[in-house]
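The values are calculated or read from the model by the stated rules, or taken from the named source; none is laboratory data. Since we're looking at a predicted model, the values are computed, not measured. Positions of Cβ are backbone-derived with ideal geometry, glycine not excepted, and every protein chain shown enters the neighbour counts. Protein only, heavy atoms only, side chains kept; ligands, DNA and RNA dropped before computing areas. Shrake-Rupley method; radii C 1.70, N 1.55, O 1.52, S 1.80 Å.
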Amino acid sequence: MIKLENINLRFGNKEIFSDFSLTIKNGEKILLNAPSGKGKSSLLKIIMGFLKPDSGQVIIEDKVLSAQNVKEIRGKIAYLPQDISFPKMKVEDFIQNVLAYESNKNISYNRDSVEGMLKDLILPKDTLAQDTSSLSGGEKQRIGILIMQLLNREIFLLDEVTSALNSELKVFITNYFLKMKQTIIVVSHDEVWQEKDLRKVVW
Amino acid sequence: MGAKDLNFYSMLFAYLLLLIPIGILYITKVKLIKESILSVLRMSIQLGLVGVYLKYIFEWDNILLNIAWLFVMIIVSTFSIINSNGVCKRLFFLPIVGALAISLFFNIAYFNFFIVKISDIFNAKYLIPISGMLLGNSLKGNIIATNTFFDYFKNREGEYFFTLSLGASREEALKPIVKESMKRALRPTLASIATIGLVSLPGMMTGQILGGSIPMTAIKYQIAIMIAIFSTMAISIFLVILFLKRVSFNKFDVMKKYIFIKGEN
């Protein structure tokens with residue numbers, strides 16, 4: 001369960017959140033629905049501990065997000081920002097680099113299962129041999145999703161993940177996420193999410 | 001034996017040469033005339049003062065005074081690095097002073113003791129000019145390295161956040177940024193080391209030859225000083241970035257926001 005309690009945030013003179021509270025149950029899918037500049041992306045950053053609210057707290061699985069547990073909490077969350085970018089190297093090398101991080105050492109690389117996941121995300125097998133710099137925005141997003149799946153993340157924070165996709169892929173990706181067991185929090189201006197049956201949080 | 005002194009008329013002719021670039025700027029309407037005159041004026045005043053100062057510092061040759069002068073150079077370099085990045089002075093002053101001091105003192109001591117083989121390694125005649133060359137050249141590298149480092153956070157912080165979210169520790173997430181900063185900073189110096197002799201005869205060598213040294217001696221000094229410059233640069237950049245990494249982030253591994261806020265300077 002994710003709980004945001006009495007979040008207050010100002011950027012200079014501009015008030016973004018005033019006593020904002022929200023509870024999200026495990027496995028729930030929600031769409032943050034607010035006009036541009038109202039702090040949707042900021043809210044995702046607050047959950048990740050990338051942005052400190054002026055006051056209020058974030059509670060994830062009964063733990064208050066703090067400097068002591070931020071790494072552990074980030075380890076439960078997949079954060080997919082809108083302008084996802086990878087260092088320049090082969091896709092497969094990048095995935096292996098990610099798995100080589102100290103905190104991911106318990107996850108082993110299995111090429112067959114990765115190829116299976118590529119297929120699920122309608123990406124060709126040879127994507128693994130491709131250079132990250134030659135990937136389109138949509139391909140990057142899907143590689144990002146694939147890696148987060150490999151990392152067994154329980155919560156997905158999606159910041160405009162469908163914005164770089166064509167309409168066919170938009171539908172595919174939204175369905176892909178909605179079928180998942182994990183908790184999903186979406187920030188998107190795409191109509192395709194609006195049409196779906198998911199909880200909409202408006203402010 | 002020393003270089004021939006330049007008298008009043010020599011210097012007058014030197015300044016007269018300035019009329020040609022100023023003429024070109026005038027004809028081409030490039031608005032740099034005032035800046036050119038001010039720059040040359042500033043350089044003349046600075047060097048004039050240093051000339052007077054060095055005359056005494058060489059005469060007195062007092063260890064403490066010599067070291068104090070090195071610290072003046074280090075502090076001026078530190079401000080130059082901080083100002084080129086527009087970051088918080090309070091936070092970065094001590095780490096950068098420390099990084100520059102460690103690398104400079106190590107390299108100058110090594111150079112004077114093992115290479116020039118003088119017993120008094122703080123001898124002003126060797127200490128001050130050679131330190132100036134080591135520090136002056138490292139400064140450029142440190143400016144490039146810190147600019148690369150901070151620009152990454154100004155423009156591509158999202159990439160760093162994404163790396164953290166992939167499970168990287170702060171250290172792991174910073175590794176490619178540190179690599180890039182060092183590479184960009186060291187590359188120009190390596191390029192200039194590789195073309196020395198073919199394109200330019202460096203200042204130190206020219207000075208020594210004018211001062212009466214035989215070319216082979218001047219060349220040996222030049223080789224040694226280039227290696228020492230590279231070493232000072234690499235050590236100082238490594239330490240500056242190491243210390244920056246320590247002080248720039250909060251406990252959530254996020255770069256402190258007030259680093260770039262002007263009012264906090």
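How big is the gap, in Å, between the Cα center of region A:102-155 and the Cα center of region B:1-40?
62
What does the charge count around A:ILE95 come to, taking other residues whose C-beta lies under 12 Å from its C-beta (Lys +1, Arg +1, Asp -1, Glu -1)? Present the calculation step by step, with values, prior to reporting the outcome.
Numbers: positive: A:LYS90, A:ARG111; negative: A:GLU92, A:ASP93, A:GLU115.
Residues close to A:ILE95 contribute a combined charge of -1.
Starting from the Kirkwood Rh over alpha-carbon pairs, what translational D in µm² s⁻¹ does region A:2-202 have by Stokes-Einstein at 37 °C and 0.692 mPa s? Mind dumping the intermediate values first?
Values: Rh = 17.8 Å.
D = 184 µm²/s.
With a 1.4 Å probe and all protein chains left in place, how much of the accessible area of region B:131-200 comes from carbon and sulfur atoms, in whole percent? Don't skip to the answer; put the middle values down first.
Numbers: 1820 of 3160 Å².
That share works out to 58 percent.
Where is the GNM fluctuation largest for chain B (alpha-carbon springs, 10 angstrom cutoff): B:PHE150, B:PHE161, B:PHE230?
Result for chain B, Cα springs under 10 Å: B:PHE161 fluctuates most.
Would you grab the residues whose amide H sits under 5 Å from the one on A:LYS90? Only those 5+ places off in sequence or on another chain, please, with H modelled 1.01 Å from N.
A:THR132
Applying the Karplus parametrisation 6.51 cos²θ - 1.76 cosθ + 1.60 with θ = phi - 60° to the phi angles of region B:6-11, what ³J(HN,Hα) value in whole Hz is obtained for each residue in order, glycine and proline being reported as x?
Running phi through 6.51 cos²θ - 1.76 cosθ + 1.60 with θ = phi - 60° gives 9, 8, 3, 5, 4, 5 Hz.
Tell me the GluC sites (Glu not before Pro) within region B:158-265 that lie in a loop according to DSSP and have at most 10 other beta-carbon atoms within 10 Å. Walk me through the intermediate numbers first.
Details: sites: B:GLU159, B:GLU171, B:GLU172, B:GLU180, B:GLU264; in loops: none.
Taking region B:158-265 and a limit of 10 other Cβ atoms within 10 Å, no loop GluC sites (Glu not before Pro) are found.
Find the sum over both chains of the accessible area lost when B and A are paired, probe 1.4 Å, and report it in Å² to the nearest 100. The partial results should precede the final answer.
Numbers: alone 16170 and 10330 Å², together 24750 Å².
The B and A chains share an interface burying roughly 1800 Å².
Please compute the volume of the convex hull spanned by the alpha-carbon atoms of the protein assembly as shown and report it per residue in Å³. Please list the in-between numbers first.
Values: hull volume 102.7 nm³, N = 468.
Each residue corresponds to 219 Å³ of Cα convex hull volume.
Considering the Cα positions of region B:111-174, please state its Rg to one decimal place and its Dmax as a whole number of Å.
Over region B:111-174's Cα set, Rg and Dmax evaluate to 20.1, 55 Å.
For chain B, state the average projected area of the convex hull of the C-alpha atoms over all orientations, rounded to one decimal in nm².
On the way: hull surface 72.8 nm².
One quarter of the hull surface, i.e. the mean projection, equals 18.2 nm².
Principal axes first, then extents: for the Cα atoms of region B:198-265, list largest minus smallest coordinate on each axis, whole Å, largest first.
Computed over the Cα atoms, the extents are 59, 23, 20 Å.
Using the alpha-carbon centroid of each, what span in Å lies between region B:210-260 and region B:59-127?
11
Net charge around B:ASN85, counting only other residues with Cβ within less than 11 Å of its Cβ (Lys, Arg = +1; Asp, Glu = -1)? Can you show the working numbers first?
Working: positive: B:LYS89, B:LYS154; negative: B:ASP151.
Summing Lys/Arg as +1 and Asp/Glu as -1 gives +1.
Exposed loop trypsin sites (Lys or Arg not before Pro) only (DSSP loop, at most 15 other Cβ atoms within 10 Å): please give the longest stretch of chain B free of them, not including the sites. Write out the running numbers ahead of the final one.
Values: sites that count: B:LYS4, B:LYS29, B:LYS31, B:LYS117, B:ARG156, B:LYS251, B:LYS256.
That gives B:157-250 as the longest site-free run.
Please list 3J(HN,Hα) in residue order for region A:186-203, calculated via the Karplus relation 6.51 cos²θ - 1.76 cosθ + 1.60 where θ = phi - 60°; whole Hz, with x for glycine and proline.
With the stated coefficients, region A:186-203 comes to 10, 10, 7, 9, 6, 4, 4, 6, 4, 6, 7, 8, 9, 5, 10, 9, 10, 8 Hz.
Tell me, what ³J(HN,Hα) does each residue in region B:120-133 have, in order and in whole Hz, if you take phi through Karplus 6.51 cos²θ - 1.76 cosθ + 1.60 with θ = phi - 60° and put x for Gly and Pro?
8, 5, 9, 4, 4, 4, 8, 4, 5, x, 5, 4, x, 5
Please compute the per residue accessible area over chain A with all protein chains in place, 1.4 Å probe, rounded to a whole number of Å². Numbers along the way, then the final one.
Working: 9500 Å² over 203 residues.
On a per-residue basis, chain A sits at 47 Å².
Near the amide H of A:PHE156, under 5 Å away, which other amide H atoms are found, from residues 5 or more places off or on another chain, if H is placed in the peptide plane?
For A:PHE156, whose amide H was placed from the backbone, the distant partners under 5 Å are A:ALA78, A:THR183, A:ILE184, A:ILE185.
Where only protein heavy atoms count, and the probe is 1.4 Å, what is the accessible area per residue for chain B in Å²?
58
Take the Cα pairs of region B:47-94, get the Kirkwood Rh, then feed it into Stokes-Einstein at 37 °C and 0.692 mPa s and tell me D in µm²/s. Don't jump to the answer; show the numbers that get you there.
On the way: Rh = 12.3 Å.
Translational D for this selection: 267 µm²/s.
Do any residues of region A:101-129 show a loss of at least 10 square angstrom of accessible area between the isolated chain and the full protein assembly, using a 1.4 Å probe, and if so which?
Residues of region A:101-129 that lose at least 10 Å² of accessible area once the other chains are added: A:TYR101, A:GLU102, A:SER103.
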